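Novice: Can you read through this structure? Questions will come right after.
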Amino acid sequence: MDPLQCAIETATEAGRLLRERPALPLEIGEKSTRGDLVTAADRESEAFIVERLRREFPASSILGEEGAAHRGTSDERWIVDPLDGTTNYAHGYPLYCVSIGYERGGKMIAGAVYAPVLGELYAAERGAGATCNGERIRVSTIENVRDSLLCTGFMPAKYERNGANFARLSKVAQAVRRDGSAALDLCFVGRGRFDAFWELDLKAWDVAAGSLIVREAGGSTTAVDGSPLVLDAGSILVSNGSLQREMIGLLAER
Ligand code: IPD
Ligand code: CA
Ligand code: CA
């Protein structure tokens, strides 16, 4: 099976499972830090995805947020967030998604992000552009942060690291949102709803698919300090490209 097609189908089916799953009782647990929630829905979604990927791509490795760490024999790797936006999901706030990225030889090749309540399926393949529900998407054309709608995120336990940026940028941009699903925030930059997004403490599964979608939609992806993006380094800044330099400068101010 084609990896992009597999990512699309698996993310869509897992998203439907999440949406159709009875909302209650939803046992909400905390992981390593306060506010880092996990529910049975996260685990069920990951189990579904891993079973599917292992069946279709038995030689690939898998990295999943809820513990899936299969080491395959090929140079292919699936990077999976089975439910991005768990806090939103647990409160019935509609911004959550499933994110599946496919890497080969250390490069992102394909990715899909499905937001079931919005009914939006984002997908991208290296060199072939990005789509939402099959239609090509492009980043925005805004040229100044002053005219921009930005987005960021933070875990409650790490608020201090990014809180000052949030306050400072809120005075410069038209507005700064905090929507609670990094993978979806990236897709929103890809389709021009947000003009830029940054976060300091993300994991590879939060950004693998979404960063490819932004690039294939014509945007820029780096670390917050402007250095090359490393998926598991935590720091990410994406924009429509025109704003990247100005954002790097604004985020470097203290
Ligand atoms: C979280 C979301 C949130 C971001 C956090 C992530 P999760 O992922 O993407 O927007 O601010 O840093 O951990 O836990 O809902 O998969
Ligand atoms: Ca996540
Ligand atoms: Ca998650």
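The values are calculated or read from the model by the stated rules, or taken from the named source; none is laboratory data. None of these values were measured; they are calculated from a predicted model. For neighbour counting, all protein chains shown are included, and Cβ atoms are generated from backbone atoms with ideal geometry for every residue, glycine included. Surface accessibility is based on the protein's heavy atoms, side chains included, excluding ligands, DNA and RNA. Shrake-Rupley method; radii C 1.70, N 1.55, O 1.52, S 1.80 Å.
Novice: Output the antiparallel fraction of DSSP beta bridges having both residues in region 124-228, as a percent to the nearest 5.
Specialist: 40 percent
Novice: Explain nothing, just compute: Karplus ³J(HN,Hα) = 6.51 cos²θ - 1.76 cosθ + 1.60, θ = phi - 60°, for every residue of region 83-95 in order, whole Hz, x for Gly and Pro.
Specialist: 7, 9, x, 4, 5, 4, 4, 5, 10, x, 7, x, 8
Novice: Let me ask you something else. Looking only at the chain, where both bridge partners belong to it, what percent of the DSSP beta bridges are antiparallel (to the nearest 5)?
Specialist: Around 80 percent antiparallel, to the nearest 5.
Novice: Based on DSSP H runs of at least 4 residues, each adding -39500 (n - 2.57), what is the mean residue ellipticity at 222 nm of the chain after dividing by all its residues, to the nearest 500 deg cm²/dmol?
Specialist: Helix-only estimate at 222 nm: -10500 deg cm²/dmol.
Novice: From the Cα gyration tensor of region 145-252, with a ≥ b ≥ c the square roots of its eigenvalues, which class applies: rounded if a/c is under 1.5, or else prolate if a/b is larger than b/c, or else oblate?
Specialist: The shape class here is rounded.
Novice: If you roll a 1.4 angstrom probe over the protein chains with everything in place, what fraction of the accessible area of region 3-136 belongs to carbon and sulfur, to the nearest %?
Specialist: Ligands and nucleic acids excluded, carbon and sulfur give 49 percent.
Novice: Starting from the alpha-carbon convex hull of region 3-136, give the projected area averaged over all orientations, in nm².
Specialist: Spelled out: convex hull of the Cα atoms, projected over all directions, averaged, 8.1 nm².
Novice: Next question. How many times 2.2 N^0.38 Å is the alpha carbon radius of gyration of the chain?
Specialist: After normalising by residue count via 2.2 N^0.38 Å, the value is 0.95.
Novice: Further question: Report the label-to-label distance for E143 and A157 in nanometres (one decimal), using points 7 Å from each Cα along the Cα→Cβ vector.
Specialist: Here the answer is 4.5 nm between the modelled labels.
Novice: How far apart, in nm, are the 7 Å Cα→Cβ label points at A69 and A164?
Specialist: About 3.4 nm separates the two model spin labels.
Novice: Taking the Cα centre of region 3-136 as origin and charging only Cβ (+1 Lys, Arg; -1 Asp, Glu), how large is the dipole, in debye to the nearest 20?
Specialist: 220 debye
Novice: Between A59 and E30, 0.36 nm times their residue separation minus their Cα-Cα distance comes to what?
Specialist: 7.2 nm
Novice: Given a Förster radius of 30 Å and the C-beta distance between Y93 and A47 as r, what FRET efficiency does 1/(1 + (r/R0)^6) yield to the nearest 0.05?
Specialist: With R0 = 30 Å, the Cβ-Cβ based efficiency is 0.80.
Novice: Another question, if that's okay. Once you order the gyration tensor axes a ≥ b ≥ c over the Cα atoms, which shape class does region 83-142 get: rounded for a/c under 1.5, otherwise prolate or oblate by comparing a/b with b/c?
Specialist: It is oblate, given that a/c is not under 1.5 and a/b is not larger than b/c.
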